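The values are calculated or read from the model by the stated rules, or taken from the named source; none is laboratory data. As the structure is a prediction and not an experimental result, all values here were calculated from the model. Heads up, the Cβs are rebuilt from the backbone with ideal geometry, glycines too, and the neighbour counts pull from every protein chain shown. We work out accessible area using only protein heavy atoms, side chains counted, and drop any ligands, DNA or RNA first. Shrake-Rupley method; radii C 1.70, N 1.55, O 1.52, S 1.80 Å.
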Amino acid sequence: MPATRESTAAVIVAAGRGERAGGDRPKQWQALAGRPVLSHAVEAFSGFGRVVVVLHPDDMEKGVAVLGGQVTLVAGDIIDRVLGALDPGLAAAPALPVTDALWRSAEGNVAGAVARDGLFRAQTPQGFGLDAILAAHRAHPGGAADDVEVARHAGIAVAIVQGAEDNIKITWPGDLVRAERLLGRDMDVRLGNGYDVHAFCAGDHVTLCGVRIAHDCGLLGHSDADVGMHALTDAIYGALADGDIGRHFPPSDPQWKGAASEIFLAHAAGRAAARGFRIANADVTLVCEAPKIGPHADAMRAELARIMGIGFDRVSVKATTSERLGFTGRREGIAALATASLVKA
């Protein structure tokens, strides 16, 4: 039966101290692209039936906090190749052929050349049939460099699959720098800004960032005139280089008269998701003398987060006045500025 992610368990050995990597903590807990190295390793195993992480006793509490018993997993080509090679055999591991010249040294000098024919650089992950590798470990005297050595000692043939230059082993401080560079190589981060203005008109409430607030006037607009949500929607469109609200929802179209601005924001968030982006954070500033925004800011954050499908802690709503200057200072209307950042998921 072919090996699949669902039928395979991944064991990530992360109990070492990794002192050669330097730093003030073991290498698996050092930051790489903003989170621990270990979390990147765990994410590499997409949809596996079980992921087991082996930790040092001193790191158990930290492991629970970082991994939380639940992880988002992402596939990798090397993992697929290892799983594919497990179908006909009992073991497989990735490797790259040695292409550089190899020297043997003596007292700091070159003592001779070593033939590189048939030599490979071992990589991970290494895959094995559970029963076979379990029996091999139980029979092994100890001291093996890796599981491939244990398997070969038991007479298990280990197939070599194609590795990758980017599949690096983090051992020295420079390896963390290289890994950081590799992870950031294909990163696509977008920033967008939005700005909107609506004048006051007769009414008894305003709707700001999805929250209805009692007021002695309303806001004039073709839709519900939610100035904050309009600015944020335009910020997302701007990050996508995808026009603005007027392009997607023309004010000349009667179907949008009085429409809830949630429709616009959800549309922008959906277009971002369809292009493979997640909304990393959003920041909205409302400029007005009245009404008071502070008492409603958290409710606004919660509503914007719900519509965009992101965490409450990724949304900011704040307010300022214009020191009684300009149209907002004269209480003729409200302005809003917004910034949104998108990251390729």
(message) I'd like to check something: does the range 252-272 contain any residue that is open to solvent by 50 Å² or more (accessible area, probe 1.4 Å), more than 20 Å from ASN193 (Cα to Cα) and hydroxyl-bearing (Ser, Thr, Tyr)?
(response) yes
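Starting from residues that are of a type in the set (Lys, Arg) and open to solvent by 80 Å² or more (accessible area, probe 1.4 Å), keep the ones in the range 172-190 and report whichever is modelled with the lowest pLDDT. Spell out the reasoning first.
Step one: list which residues in the range 172-190 are of a type in the set (Lys, Arg), which gives 178, 181, 185, 190.
Now narrow it down to the ones that are open to solvent by 80 Å² or more (accessible area, probe 1.4 Å): 178, 181, 185.
Values: ARG178: 75, ARG181: 73, ARG185: 56.
By that ranking, first place goes to ARG185.
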(request) Could you tell me whether ALA231 is more than 22 Å from ALA319 (Cβ to Cβ), open to solvent by less than 20 Å² (accessible area, probe 1.4 Å), in contact (Cβ under 8 Å) with a residue 60 or more places away in the chain and in contact with a strand residue (DSSP E or B) (Cβ under 6 Å, 6 or more places away or on another chain)? (result) no
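SER322: open to solvent by 10 Å² or more (accessible area, probe 1.4 Å), closer than 21 Å to ARG190 by Cα and touching a strand residue (DSSP E or B) at 6+ places or on another chain (Cβ under 9 Å), yes or no?
Values: open to solvent by 10 Å² or more (accessible area, probe 1.4 Å): yes; closer than 21 Å to ARG190 by Cα: no; touching a strand residue (DSSP E or B) at 6+ places or on another chain (Cβ under 9 Å): yes.
For SER322, the condition - open to solvent by 10 Å² or more (accessible area, probe 1.4 Å), closer than 21 Å to ARG190 by Cα and touching a strand residue (DSSP E or B) at 6+ places or on another chain (Cβ under 9 Å) - is not met.
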(request) Only one of these is in contact (Cβ under 8 Å) with a residue 60 or more places away in the chain, farther than 19 Å from LYS344 by Cα and surrounded by 13 or more Cβ atoms within 10 Å (Cβ to Cβ): VAL317, VAL287. Name it. (result) VAL317
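In a loop (DSSP other than H, G, I, E, B), of a type in the set (A, V, I, L, M, F, W, C) and over 22 Å from the mean Cα position of the chain (by Cα): does that describe ALA231? Talk me through it step by step, then tell me what you get.
Numbers: in a loop (DSSP other than H, G, I, E, B): no; of a type in the set (A, V, I, L, M, F, W, C): yes; over 22 Å from the mean Cα position of the chain (by Cα): yes.
Answer is no for this residue.
For the structure I just gave you, tell me whether VAL148 is closer than 27 Å to ARG17 by Cα and either loosely packed, with under 13 Cβ neighbours inside 10 Å or touching a Cys at 6+ places or on another chain (Cβ under 8 Å) (or both).
On the way: closer than 27 Å to ARG17 by Cα: yes; either loosely packed, with under 13 Cβ neighbours inside 10 Å or touching a Cys at 6+ places or on another chain (Cβ under 8 Å) (or both): no.
Against the criterion (closer than 27 Å to ARG17 by Cα and either loosely packed, with under 13 Cβ neighbours inside 10 Å or touching a Cys at 6+ places or on another chain (Cβ under 8 Å) (or both)), VAL148 does not qualify.
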(request) Answer yes or no as to whether ASN193 is surrounded by 16 or more Cβ atoms within 10 Å (Cβ to Cβ) and either under 30 Å from GLU332 (Cα atoms) or modelled with pLDDT under 95 (or both). (result) no
